[in-house]
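The values are calculated or read from the model by the stated rules, or taken from the named source; none is laboratory data. In this text, all values refer to a predicted model and were calculated from it rather than measured experimentally. A quick note on method: Cβ atoms are made from the backbone with ideal geometry, for glycine too, and the neighbour counts reach across all protein chains shown. Keep in mind that these areas ignore ligands, DNA and RNA; they rest on the heavy atoms of the full protein, side chains included. Shrake-Rupley method; radii C 1.70, N 1.55, O 1.52, S 1.80 Å.
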Amino acid sequence: MSLDKQALLLQLAERLQQSDRLAHRAEAEAREAARSLATESEKREDGRAALEFGSLATGQANRARRVQEELQALTHFGQAPMPRFSRRGPVGLGALVDVSTEDEDGFAERTFFVLPVGAGTELTGPGGDGFLSVITPASPVGRALMGRKAGDTIEVTLAGEVREWTVLEVA
(Lines give C-alpha, C1' and ligand atoms only; values in the text may rest on other atoms or scores of the structure.)
Protein backbone atom coordinates (compact mmCIF):
# COMPACT_ATOMS: atom_id res chain seq x y z
CA MET A 1 0.00 0.00 0.00
CA SER A 2 1.99 2.94 -1.29
CA LEU A 3 -0.19 6.03 -1.53
CA ASP A 4 0.88 9.66 -1.42
CA LYS A 5 -0.85 10.92 1.72
CA GLN A 6 -0.21 14.58 0.86
CA ALA A 7 -1.96 14.10 -2.50
CA LEU A 8 -4.89 12.49 -0.66
CA LEU A 9 -5.02 15.43 1.77
CA LEU A 10 -5.13 17.84 -1.18
CA GLN A 11 -7.93 15.80 -2.75
CA LEU A 12 -9.90 15.97 0.51
CA ALA A 13 -9.27 19.73 0.77
CA GLU A 14 -10.61 20.17 -2.78
CA ARG A 15 -13.74 18.20 -1.88
CA LEU A 16 -14.28 20.30 1.26
CA GLN A 17 -13.79 23.52 -0.72
CA GLN A 18 -16.35 22.32 -3.24
CA SER A 19 -18.78 21.57 -0.41
CA ASP A 20 -18.13 25.06 0.99
CA ARG A 21 -18.91 26.67 -2.38
CA LEU A 22 -22.12 24.65 -2.68
CA ALA A 23 -23.21 25.61 0.83
CA HIS A 24 -22.59 29.32 0.16
CA ARG A 25 -24.48 29.14 -3.15
CA ALA A 26 -27.40 27.30 -1.51
CA GLU A 27 -27.44 29.85 1.32
CA ALA A 28 -27.54 32.77 -1.15
CA GLU A 29 -30.31 31.12 -3.19
CA ALA A 30 -32.39 30.41 -0.08
CA ARG A 31 -31.95 33.99 1.20
CA GLU A 32 -32.97 35.36 -2.20
CA ALA A 33 -36.01 33.07 -2.28
CA ALA A 34 -37.01 34.25 1.19
CA ARG A 35 -36.61 37.90 0.12
CA SER A 36 -38.52 37.44 -3.11
CA LEU A 37 -41.52 36.16 -1.14
CA ALA A 38 -41.44 39.19 1.09
CA THR A 39 -43.78 41.53 -0.82
CA GLU A 40 -46.68 42.85 1.26
CA SER A 41 -49.37 40.68 -0.29
CA GLU A 42 -47.16 37.59 -0.29
CA LYS A 43 -46.10 38.08 3.33
CA ARG A 44 -49.53 37.03 4.52
CA GLU A 45 -49.92 34.15 2.08
CA ASP A 46 -46.36 32.92 1.88
CA GLY A 47 -45.09 33.73 5.35
CA ARG A 48 -44.46 30.09 6.11
CA ALA A 49 -42.50 29.59 2.86
CA ALA A 50 -40.39 32.68 3.57
CA LEU A 51 -39.69 31.38 7.07
CA GLU A 52 -38.71 27.98 5.67
CA PHE A 53 -36.35 29.56 3.14
CA GLY A 54 -34.85 31.68 5.93
CA SER A 55 -34.28 28.56 8.02
CA LEU A 56 -32.75 26.81 5.04
CA ALA A 57 -30.39 29.75 4.50
CA THR A 58 -29.33 29.64 8.16
CA GLY A 59 -28.73 25.89 7.91
CA GLN A 60 -26.57 26.34 4.82
CA ALA A 61 -24.60 29.11 6.55
CA ASN A 62 -23.96 26.74 9.46
CA ARG A 63 -22.89 24.03 7.02
CA ALA A 64 -20.44 26.44 5.37
CA ARG A 65 -19.05 27.40 8.78
CA ARG A 66 -18.50 23.73 9.71
CA VAL A 67 -16.77 23.07 6.39
CA GLN A 68 -14.47 26.06 6.99
CA GLU A 69 -13.60 24.65 10.42
CA GLU A 70 -12.84 21.28 8.83
CA LEU A 71 -10.64 22.95 6.21
CA GLN A 72 -8.70 24.77 8.95
CA ALA A 73 -8.24 21.53 10.92
CA LEU A 74 -7.11 19.71 7.78
CA THR A 75 -4.65 22.49 6.91
CA HIS A 76 -3.24 22.38 10.45
CA PHE A 77 -2.93 18.58 10.31
CA GLY A 78 -1.29 18.70 6.86
CA GLN A 79 1.32 21.26 7.98
CA ALA A 80 2.78 18.87 10.55
CA PRO A 81 5.06 16.07 9.37
CA MET A 82 2.91 13.13 8.32
CA PRO A 83 3.11 10.36 10.92
CA ARG A 84 4.94 7.21 9.81
CA PHE A 85 3.51 3.81 10.57
CA SER A 86 5.05 0.38 10.38
CA ARG A 87 3.09 -2.23 8.44
CA ARG A 88 2.28 -4.09 11.63
CA GLY A 89 2.19 -1.08 13.94
CA PRO A 90 -0.86 0.37 15.68
CA VAL A 91 -3.42 2.46 13.83
CA GLY A 92 -3.29 6.17 14.60
CA LEU A 93 -4.26 9.53 13.14
CA GLY A 94 -2.84 9.78 9.62
CA ALA A 95 -2.77 6.01 9.02
CA LEU A 96 -3.89 4.28 5.87
CA VAL A 97 -5.50 1.01 6.95
CA ASP A 98 -6.28 -1.95 4.71
CA VAL A 99 -9.00 -4.19 6.11
CA SER A 100 -10.81 -7.26 4.82
CA THR A 101 -14.25 -8.59 5.48
CA GLU A 102 -16.19 -11.63 4.43
CA ASP A 103 -19.74 -11.25 3.18
CA GLU A 104 -22.17 -13.22 1.05
CA ASP A 105 -20.07 -12.41 -2.03
CA GLY A 106 -16.81 -13.64 -0.49
CA PHE A 107 -13.86 -11.61 0.76
CA ALA A 108 -13.67 -7.89 0.16
CA GLU A 109 -10.96 -5.38 1.00
CA ARG A 110 -11.31 -1.71 1.91
CA THR A 111 -8.85 1.02 2.66
CA PHE A 112 -9.49 3.68 5.30
CA PHE A 113 -7.58 6.93 5.82
CA VAL A 114 -7.78 8.02 9.47
CA LEU A 115 -7.98 11.82 9.59
CA PRO A 116 -9.25 14.45 12.04
CA VAL A 117 -12.00 15.58 9.58
CA GLY A 118 -13.72 14.52 6.38
CA ALA A 119 -15.55 11.45 7.67
CA GLY A 120 -17.39 9.58 4.95
CA THR A 121 -15.56 11.19 2.05
CA GLU A 122 -14.51 8.78 -0.68
CA LEU A 123 -11.10 9.53 -2.18
CA THR A 124 -9.53 7.98 -5.26
CA GLY A 125 -6.09 6.46 -5.49
CA PRO A 126 -3.42 7.60 -7.94
CA GLY A 127 -4.75 7.87 -11.48
CA GLY A 128 -8.27 7.11 -10.23
CA ASP A 129 -7.16 3.62 -9.23
CA GLY A 130 -9.28 2.36 -6.34
CA PHE A 131 -11.21 4.13 -3.63
CA LEU A 132 -10.55 4.75 0.01
CA SER A 133 -12.81 6.10 2.72
CA VAL A 134 -11.92 8.84 5.16
CA ILE A 135 -12.80 8.00 8.74
CA THR A 136 -12.22 9.95 11.95
CA PRO A 137 -11.36 8.67 15.42
CA ALA A 138 -14.81 9.89 16.51
CA SER A 139 -16.61 7.57 14.06
CA PRO A 140 -17.60 4.04 15.11
CA VAL A 141 -15.12 2.44 12.68
CA GLY A 142 -12.38 4.93 13.62
CA ARG A 143 -12.86 4.30 17.35
CA ALA A 144 -12.70 0.55 16.79
CA LEU A 145 -9.53 0.78 14.64
CA MET A 146 -7.48 3.17 16.77
CA GLY A 147 -4.56 1.30 18.34
CA ARG A 148 -5.28 -1.95 16.48
CA LYS A 149 -2.55 -3.77 14.56
CA ALA A 150 -2.35 -6.01 11.51
CA GLY A 151 -4.10 -9.29 12.27
CA ASP A 152 -6.55 -7.73 14.77
CA THR A 153 -10.27 -8.12 14.12
CA ILE A 154 -12.83 -5.46 14.97
CA GLU A 155 -16.62 -5.57 15.13
CA VAL A 156 -18.65 -2.46 14.45
CA THR A 157 -22.41 -2.02 14.34
CA LEU A 158 -23.44 0.20 11.43
CA ALA A 159 -27.09 0.84 10.59
CA GLY A 160 -28.08 -1.97 12.96
CA GLU A 161 -25.83 -4.48 11.22
CA VAL A 162 -22.70 -5.95 12.83
CA ARG A 163 -19.71 -5.81 10.52
CA GLU A 164 -16.43 -7.55 11.16
CA TRP A 165 -13.15 -6.43 9.64
CA THR A 166 -9.63 -7.79 9.96
CA VAL A 167 -6.76 -5.32 9.82
CA LEU A 168 -4.41 -6.40 7.02
CA GLU A 169 -1.87 -3.56 6.93
CA VAL A 170 -1.17 -0.15 8.41
CA ALA A 171 0.79 2.50 6.50
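Values for this structure:
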| quantity | calculated |
| --- | --- |
| Carbon/sulfur fraction of accessible area - segment 47-142, other protein chains in place, 1.4 Å, % | 53 |
| Per-residue [θ]222 nm for the chain (sum of -39500 (n - 2.57) over DSSP H runs n ≥ 4, rounded to 500) | -16000 deg cm²/dmol |
| Helix 5-36 axis, angle to the chain major axis (alpha carbon atoms, nearest 10°) | 20 |
| DSSP bridge pairs, segment 57-144: antiparallel proportion in percent, nearest 5 | 80 |
| Residue 156-residue 5 pseudo-label distance in nm [points 7 Å out on the Cα-to-Cβ vector] | 1.8 |
| Accessible area per residue in Å² at 1.4 Å probe, computed on the chain | 59 |
| Dipole of segment 47-171, positive end: most advanced residue of 77, 162, 91 [Cβ charges, Cα centre] | 77 |
| Three-way shape label, segment 81-171, alpha-carbon gyration tensor, a/c 1.5 | rounded |
| Extension reserve of the residue 129-residue 88 stretch, reckoned as 0.36 nm per residue once the Cα distance is removed | 12.3 nm |
| Karplus (6.51, -1.76, 1.60) ³J(HN,Hα), θ = phi - 60°, over segment 68-73, in Hz, Gly and Pro reported as x | 4, 5, 5, 4, 5, 5 |
